[in-house]
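One structure, as structure tokens, below. Some questions next.
The values are calculated or read from the model by the stated rules, or taken from the named source; none is laboratory data. Everything numeric here is computed off the predicted structure, so don't read it as measured data. Counting neighbours? That spans all protein chains shown, and the Cβs are built from the backbone with ideal geometry, glycine included.
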Amino acid sequence: MSQVTDTKPLGKSWREINQERKAMKRKRNEDKLLKQEKRILFEKEQEEKAKEEAEKEAKLADLSTVSIAIPGSILENAQSAELRTYLAGQIARAACVFCIDEVIVYDDIGDKIDTKKSKLEDVEGVKVARKSCVQLARILQYLECPQYLRKHFFPLHKDLEFAGLLNPLDAPHHLRSSNDFKYREGVTMNKNVKPGKGSQVNVGLLQDVSTDKLLNPGIRVTVKMLPLAEGSKKLKGKIVSLSTPRADTGVYWGYTVRIANNLSQVFSQCPYKDGYDLTIGTSDKGTSIDDMPVKGVNYHHVLIVFGGLHGIEAALESDEHLQVEEPSLLFDHYVNVLPNQGSRTIRTEEAVLIALTSLRTKLKAKTEPMVFNESGIATSSIFPTEKLITPNNSKVKNDTDLSKFD
């Protein structure tokens with residue numbers, strides 16, 4: 001039986017061999033320490049980068065906003081279910097055309113007339129409100145939602161029976177799979193993910209997007225699409241706030257809907273930290289809108305309230321929480337949007353268009369969104385329509401296909 005012996009290389013002493021081994025061991029330790037330092041430095045850089053992005057998002061998210069308050073009772077004045085749906089569609093179109101950030105549907109009748117109640121989930125949770133208010137809010141939510149997400153959030157409902165006949169909003173965030181834009185709306189899917197990984201989100205593309213946050217399934221989220229890694233086909237994205245796309249690119253990103261059970265809740269349940277700094281009431285009993293100076297009224301968060309068939313006066317009378325006698329005392333400006341009108345009454349859906357058109361020249365935002373100057377989505381009157389500027393300042397033709405929307 002042969003005996004295994006530790007032989008040394010020819011021409012080397014044991015002392016030289018031990019020195020080489022110690023040098024190799026020292027090098028391994030140094031490499032290990034270097035890797036640890038690199039990892040710590042990388043993690044620190046990532047934390048600083050995330051902090052900077054969070055600060056940037058918070059700063060950009062503080063854009064000036066426009067909110068409108070509509071009484072739900074306007075649907076009760078319509079003669080049929082089809083006309084009620086069409087009326088709601090008119091309000092949604094007006095809100096989208098004028099880039100409204102928030103639509104509040106309020107009850108201007110209260111419990112004086114006993115009517116049916118219904119439930120709806122808005123930005124503040126599940127609300128129980130007058131049936132006409134709920135129907136108006138539901139149709140507004142349905143039209144604002146991108147088409148590929150509607151089946152996830154809107155099951156068959158009688159309020160939406162004729163919603164398919166309505167004119168589409170044609171909003172910029174209603175993207176098709178062929179559109180290439182860095183932000184998309186999506187819904188979190190009920191799929192198993194590896195530990196430490198975020199939720200899979202359906203954003204209307206052929207494959208789901210892997211995100212950075214793990215959320216419960218069935219939640220609507222806004223996703224920032226990340227560039228594809230070299231050699232990878234998996235889509236990755238980052239979940240951001242709803243206000244980030246408009247703050248980052250200037251493109252209008254839809255409106256939110258909330259329900260108020262009376263006129264006072266329109267003011268008291270404001271989602272903005274410091275409330276509305278400018279409030280405007282509309283009535284034929286108000287002062288002429290022509291008396292307001294051009295671009296002379298500054299705002300950060302403006303609220304424009306419209307009345308129903310009997311005006312804001314009826315809403316004030318039915319609200320037990322408000323102790324003022326004149327509705328003009330509730331607002332900074334109480335205006336008549338169309339002096340010397342030819343008809344005895346201006347319908348609410350007409351007043352919305354007239355008021356928002358007139359106020360465009362009167363109001364001045366403190367923090368306006370930037371002008372959209374990118375590509376990948378539909379263009380409108382506030383976007384460049386003929387030429388796009390490339391990084392080397394050369395002009396190219398904008399061939400955006402508007403037929404890809406709705």
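In this structure, does Ser243 turn out to be out of contact with any strand residue (DSSP E or B) (no Cβ under 8 Å at 6 or more places or on another chain) and in contact (Cβ under 8 Å) with a residue 12 or more places away in the chain?
Values: out of contact with any strand residue (DSSP E or B) (no Cβ under 8 Å at 6 or more places or on another chain): yes; in contact (Cβ under 8 Å) with a residue 12 or more places away in the chain: yes.
Considered against the rule, which asks whether it is out of contact with any strand residue (DSSP E or B) (no Cβ under 8 Å at 6 or more places or on another chain) and in contact (Cβ under 8 Å) with a residue 12 or more places away in the chain, Ser243 comes out as yes.
A further question on this structure: Just checking, does region 307-317 include any residue being surrounded by 13 or more Cβ atoms within 10 Å (Cβ to Cβ), under 25 Å from the mean Cα position of the chain (by Cα), assigned to a loop (DSSP other than H, G, I, E, B) and modelled with pLDDT of 90 or more?
Here is the first cut: in region 307-317, the residues surrounded by 13 or more Cβ atoms within 10 Å (Cβ to Cβ) are 307-317.
Restricting the remaining residues to those that are under 25 Å from the mean Cα position of the chain (by Cα) gives none.
Checked against the condition, which is being surrounded by 13 or more Cβ atoms within 10 Å (Cβ to Cβ), under 25 Å from the mean Cα position of the chain (by Cα), assigned to a loop (DSSP other than H, G, I, E, B) and modelled with pLDDT of 90 or more, region 307-317 yields no hits at all.
Output the residues belonging to region 83-104 that are more than 21 Å from Gly164 (Cα to Cα) and either touching a Pro at 6+ places or on another chain (Cβ under 8 Å) or among the basic types (Lys, Arg) (or both).
Residue satisfying the conditions is Glu102 alone.
What's the number of the condition Leu329 fails, among (1) without any contact (Cβ under 8 Å) to a residue 60 or more places away in the chain; (2) surrounded by fewer than 19 Cβ atoms within 10 Å (Cβ to Cβ); (3) part of a strand (DSSP E or B); (4) not aromatic (Phe, Trp, Tyr)?
Single failed check for Leu329: (3).
Scan the strands (runs of 3 or more DSSP E) fully inside region 168-286 and keep the ones with 3 or more residues being not aliphatic (A, V, I, L, M).
Working: elements: 183-188, 200-202, 220-225, 237-240, 256-260.
In region 168-286, the matching strands (runs of 3 or more DSSP E) lie at 183-188, 220-225.
Sticking with this one: Please go through region 185-202 and pick out each residue that is among the β-branched types (Val, Ile, Thr) and out of contact with any His (no Cβ under 9 Å at 6 or more places or on another chain).
If we filter region 185-202 for residues that are among the β-branched types (Val, Ile, Thr), which is where we start, we get 187-188, 193, 201.
Within region 185-202, Thr188, Val193, Val201 meet the criteria.
Also, I was wondering about something else. Give all pairs with beta carbons closer than 7 Å in which a residue from region 172-198 that is within 22 Å of Leu242 (Cβ to Cβ) and in contact (Cβ under 8 Å) with a residue 24 or more places away in the chain meets a residue that is among the acidic types (Asp, Glu) and outside any loop (DSSP other than H, G, I, E, B); count only pairs at least 6 apart in sequence or on separate chains.
Within 7 Å, the pairs are His173/Glu185.
On to the next question. Please list, ordered by first then second residue, the pairs with beta carbon atoms under 9 Å, 6 or more apart or interchain, first in region 139-151 and under 18 Å from Thr188 (Cβ atoms) and of a type in the set (Lys, Arg), second surrounded by 17 or more Cβ atoms within 10 Å (Cβ to Cβ) and at pLDDT 95 or above.
Final answer for the pair search is Arg150/Tyr142.
Could you check Ser73 against (1) more than 30 Å from Ile280 (Cβ to Cβ); (2) modelled with pLDDT of 80 or more and say which number it fails?
Unmet for Ser73, out of (1) more than 30 Å from Ile280 (Cβ to Cβ); (2) modelled with pLDDT of 80 or more: (1).
Out of all the residues in region 238-257, which are in contact with an Asp or Glu (Cβ under 8 Å, 6 or more places away or on another chain) and either among the charged types (D, E, K, R) or under 18 Å from Arg220 (Cα atoms) (or both)?
Lys238, Ile239, Val240, Ser241, Thr244, Gly254, Tyr255, Thr256, Val257, listed by residue number.
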